[in-house]
Amino acid sequence: MSKEMLEAFATLEKTKGIKQDVIVEAIKAALVAAYKKNYNQAQNVEVEFDERKGNFKLLAVKTVVDEVHDERLEYSLKDALNINKAYEVGDEIRFEVAPKDFGRIAAQTAKQVIMQHLREAERNHIIDEYSQYEDELITGTVERRDNRFVYVKIGNVEAVMPHNDQMPNETYNPQDQIRVLVTHVGSDSKGAQITVSRTAPNMVKRLFEQEVPEIFDGTVEIVSIAREAGDRTKIAVKSNDPNIDPVGTCVGQRGARVQNVVNELDGENIDVVKYEEDPSDFIANALNPAEVIAVQFGDNEDEKSALVIVPDYQLSLAIGKKGQNVRLAARLTGYKIDIRPESEVEFVDESSKAANEDNEAAAEVEADNATDENLETEAVAEEVEATDDNLEADTAQEQADITESEEEPDEE
């Protein structure tokens with residue numbers, strides 16, 4: 001029996017990852033529980049395990065007394081002296097108890113205790129081992145599916161993929177090899193539970209980290225991701241090196257890098273946009289491929305809303321099919337975006353408004369200057385006109401004097 005016991009320990013450790021010490025403690029606890037169930041007493045019991053032979057011993061501990069009141073706990077001095085002349089009152093004597101003498105209920109209790117300890121040990125082992133893989137990509141094999149989950153075998157454990165974590169354009173068949181993101185490692189009433197996903201935004205991030213070394217080493221940083229799994233994803237990136245173009249780095253030569261990610265996600269469209277510190281530039285980039293004329297922000301900074309003005313012929317492109325483009329752009333930037341065509345607004349942005357105000361002010365100054373010039377011109381004209389009048393008057397007077405001087409000799 002001892003050899004079979006040790007072999008069973010080795011098998012459990014290999015298949016379930018449960019160490020021998022944990023199994024031994026479980027069996028000890030089971031024997032104590034069975035003893036208590038059988039004798040209604042467990043305060044005076046000990047369990048010993050021989051690691052070399054693989055044997056368990058269940059020992060009932062009794063105290064030597066002059067007069068026995070409880071046979072389960074006490075042993076008379078007279079009987080103790082028959083065993084060994086050295087025993088005295090107060091000494092403890094250990095008697096081996098055969099588990100085979102336990103009743104059916106006690107044996108059933110022992111089985112339940114062992115199974116409970118093994119389940120707890122297995123759950124703790126799984127949590128300890130797979131906690132390090134949380135939020136990481138891992139390859140698994142589809143085992144089966146039902147109305148709620150797709151069950152994926154990863155390592156020695158079975159993970160579950162809920163319906164909302166399954167790609168709408170994918171079909172999962174048994175023995176399919178798929179890459180999933182571990183989203184949660186925990187436990188429930190049935191034991192350890194690992195939840196995986198194919199739709200989580202971070203899956204796109206991990207795929208880009210594997211395809212783009214610059215993202216993995218931190219040269220290019222993924223700032224935010226907005227995803228509608230199976231259809232379209234927008235990813236905003238920035239470069240920590242001024243000599244590196246973040247968008248071109250992620251796209252790769254002839255689009256090879258981003259195409260590998262698209263293929264892994266079964267054809268999901270991916271837009272890589274450049275992150276900008278200026279919110280208006282970032283929003284304009286996020287609405288790619290639509291052209292943006294201007295971005296205006298609301299007065300309430302806490303609300304984070306923006307009015308985006310686009311050419312009339314670009315309106316449908318900016319909004320996207322069923323509003324998808326603007327919806328993803330809003331989630332990517334964190335702003336509530338309202339799109340309006342150019343024909344519906346009076347001015348396009350604050351800078352244009354300021355420029356118009358400057359132009360108006362300049363026009364007013366020019367008008368004032370023109371008025372002053374006109375006034376000066378009128379004054380000069382009046383002076384010239386007065387001078388001309390004076391000259392005409394002087395000329396008339398001179399002509400009158402000449403006429404008078406010519407008439408005087410005739411009268412003589």
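The values are calculated or read from the model by the stated rules, or taken from the named source; none is laboratory data. Note that the structure is a prediction, hence the values are computed from the model and not measured. Cβ sites come from the backbone with ideal geometry, for glycine too, and all protein chains shown count toward neighbours. Just the protein is used for accessible areas: all its heavy atoms, side chains included, with ligands, DNA and RNA removed. Shrake-Rupley method; radii C 1.70, N 1.55, O 1.52, S 1.80 Å.
Taking N as the number of residues in the stretch 70-225, what is its alpha-carbon radius of gyration divided by 2.2 N^0.38 Å?
Compactness ratio reported: 1.86.
For the stretch 182-299, take every pair of Cα atoms, bin their distances at 5 Å starting from 0, and report each bin as a whole percent.
2, 10, 18, 20, 17, 12, 9, 5, 3, 2, 1, 0
Could you please put Thr15, Thr199 in sequence from largest to smallest accessible area, using a 1.4 Å probe?
Thr15, Thr199
If you filter the stretch 50-94 for GluC sites (Glu not before Pro), then keep DSSP loop positions with at most 14 other Cβ within 10 Å, what is left?
Filter output for the stretch 50-94: Glu51, Glu67, Glu71, Glu88.
For Lys19, go through the lysines and keep the ones whose alpha-carbon is under 26 Å away, minus same-chain ones fewer than eight residues off.
Lys3, Lys28, Lys53, Lys57, Lys111, Lys153, Lys190
Would you report the distance distribution of C-alpha pairs in the stretch 1-159 as whole percents per 5 angstrom bin, up to the bin with the largest distance?
Per 5 Å bin, starting at zero, the Cα-Cα P(r) for the stretch 1-159 comes out as 2, 8, 13, 14, 13, 12, 10, 8, 7, 5, 3, 2, 2, 2, 0 percent.
Please report the accessible area of Thr219 (heavy atoms, 1.4 Å probe, ligands and nucleic acids excluded) in Å², nearest 10.
Thr219 has an accessible surface of roughly 30 Å² with all protein chains in place.
I'd like the accessible area for His69: 1.4 Å probe, protein heavy atoms, all chains in place, Å² to the nearest 10.
Roll a 1.4 Å probe over it and His69 shows about 150 Å².
Accessible area per residue for the stretch 220-324 in Å², computed with a 1.4 Å probe and the full protein assembly in place, what is it?
51 Å²
Keeping all protein chains in the complex and leaving out DNA, RNA and ligands, what accessible area do you get for Met115 with a 1.4 Å probe, in Å² to the nearest 10?
That residue has around 90 Å² of solvent-accessible surface.
Per residue Cα convex hull volume for the stretch 121-205, in cubic angstrom?
Residue-normalised Cα hull volume stands at 90 Å³.
Could you sort Arg331, Arg227, Arg257 by their accessible area in this structure, using a 1.4 Å probe and putting the largest first?
Arg331, Arg257, Arg227
Cross-link candidates for Lys274: which lysines have Cα within less than 21 Å, leaving aside residues fewer than 8 places away along the same chain?
Qualifying lysines at Cα under 21 Å: Lys205, Lys234, Lys238, Lys304, Lys336.
Using a simple charge model, +1 on the beta-carbon of Lys and Arg, -1 on the beta-carbon of Asp and Glu, nothing else, what dipole does the stretch 20-163 show about its Cα centre, in debye to the nearest 20?
740 debye
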